[in-house]
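> Below are the structure tokens for one structure; questions will follow.
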Amino acid sequence: MVSHLFFYQLVLIALVWLCLMLQWAWPSDPAAACPPPLEPTPPQPKRHRAPTPFAGLTTKPHCDGCASSSAPRPQTPSVPPPRIVPTRGRRRQVDTSTHFCPNPDCTYQGWVGWGNLRANGHPNGGPWRQRLCSACRCYFLETLGTLLHGKRGSVELIVRVLACLAEGLGIRGTARVFEIDPSTVLQWLVDAAEQLRAFSQHVLHDVRVQQVQLDELCALLSAVKDGTVSEAEAIERLERSPQWVWVAMDPESQWLLAIDVGNRTLAMAQRVVHQVVQVLAPDCAPLCLTDGFREYMTALLTHDGQWVQPPRRQSKGPMSTPRWRPLPGLLYAQVVKTVRRRRLVAVQHRVVFGTLDAVNQVLAPLGGHINTAFVERIHLTIRQHVAAVGRRVISLRDEKEKRRRFRSAYVWHGLGRHLFAYGLATLAEIALGLWAKYIFV
């Protein structure tokens, strides 16, 4: 039976605690209970929200693309070599007018349909013909410079594999469907990407557009670099560092002007803007619309800027330092979005270069305002067609993510189970001690 002394001690402790709380909460000075009325504070001066003009940069920003393009390149000789007309044997039946000699030391290198090539059979009984240059005696296959060069698989198989990859099927899934090695699928994908890039550079040039929207898409991609990550490593594991898919497009014609993959840095912004400038005509200065990423301003200023001598502030003294400022026709606006807890709470439109009237005049034919909706819709298309970028798709990236989450959940489950058992043991020990202390008194 519990002793009455225990209850007396509990009541005494409760009374002491109540007295201390009343002493702390009840004011001792009646004047302190009624504080004097506060004097009205003067209104704060309103901030001047007029944008300050861009002063310019003292040095021109560096661009790796501009530095590499300025290097001298070997030029094709302006005087063509003599045309070769075959005079012996029967008339040739194989057309060689669409090929040229790839030997850089040959005088006919780069000249198409000059009569220096002839067919030389099928080496090793293969499906492709061999070409022979009669000037330098160089042999090469007719598939040189194409996606099919050096491939042992059939043309139909390669086309079907690339079609499955374009529809969003993963590398391992495509390899299982066609019963081929995953590294072969990856190599075909890399070669197809290089061919498409070369074809785009050959076809898409001297483009005239009114506006360009640029944006970047965050994703987890596998890195396949020259010498840094092998094909096997790229298939077995994905690089866990976030990568960004950079896209530049024309909202009016829906042309994809540039697309690249890299980190979200100034160097990558310079690279993407340099690709856009190479596609556009030399005298084309479109309106550029981006998000709030500040490095876009430096990249645009690098390619569309000029040196300007500021006016002298005083009649005497040295001249002011020249400034690198944007061209008068450059228009650039940003769509700054504020996100809190994964929710969009505010959208602000900001004109960086140019005036708001000039920007609205360019956007008037489309009947819109400053936005990046078109390039964001391109991002959705990329997520739907590229398995490694999709948010919720059955691909290698999601398999790796599920495994990581399973391991994390398993660890936390085991830790929580041990903590729960330890807590129960502690509570049992405390209850047993109190029971032994006050019951068996």
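> Does residue 355 count as farther than 24 Å from residue 67 by Cα and open to solvent by 70 Å² or more (accessible area, probe 1.4 Å)? I'd like the intermediate steps shown before the answer.
Values: farther than 24 Å from residue 67 by Cα: yes; open to solvent by 70 Å² or more (accessible area, probe 1.4 Å): yes.
Taking the combined requirement at face value, the residue satisfies it.
> Conditions: (1) part of a helix (DSSP H, G or I); (2) at pLDDT below 80; (3) open to solvent by 20 Å² or more (accessible area, probe 1.4 Å). Residue 199 meets all but one. Number of the miss?
All conditions are met except number (2).
> Also: Between a first residue in the stretch 339-351 that is within 14 Å of residue 292 (Cα to Cα) and a second residue that is surrounded by 10 or more Cβ atoms within 10 Å (Cβ to Cβ) and of a type in the set (Gly, Ala, Ser), which pairs have beta carbons less than 9 Å apart while being 6 or more apart in sequence or on different chains?
If the second residue must be surrounded by 10 or more Cβ atoms within 10 Å (Cβ to Cβ) and of a type in the set (Gly, Ala, Ser), the pairs left are 348/292; 349/333; 350/292; 350/333; 351/333; 351/358.
> Got a sec? Which of 114, 188, 128 is among the aromatic types (Phe, Trp, Tyr), surrounded by 14 or more Cβ atoms within 10 Å (Cβ to Cβ) and part of a helix (DSSP H, G or I)?
Working: 114 fails: part of a helix (DSSP H, G or I); 128 fails: part of a helix (DSSP H, G or I).
Just one listed residue meets the conditions, 188.
> Does residue 144 qualify as being open to solvent by 70 Å² or more (accessible area, probe 1.4 Å) and touching a strand residue (DSSP E or B) at 6+ places or on another chain (Cβ under 9 Å)? Give the derivation first.
Numbers: open to solvent by 70 Å² or more (accessible area, probe 1.4 Å): yes; touching a strand residue (DSSP E or B) at 6+ places or on another chain (Cβ under 9 Å): yes.
Spelling it out, residue 144 is indeed open to solvent by 70 Å² or more (accessible area, probe 1.4 Å) and touching a strand residue (DSSP E or B) at 6+ places or on another chain (Cβ under 9 Å).
The values are calculated or read from the model by the stated rules, or taken from the named source; none is laboratory data. All figures in this text were calculated on a predicted structure; none of them were measured in a lab. Heads up, the Cβs are rebuilt from the backbone with ideal geometry, glycines too, and the neighbour counts pull from every protein chain shown. Accessible surface is based on the protein model in full, side chains and every heavy atom, while ligands, DNA and RNA are left aside. Shrake-Rupley method; radii C 1.70, N 1.55, O 1.52, S 1.80 Å.
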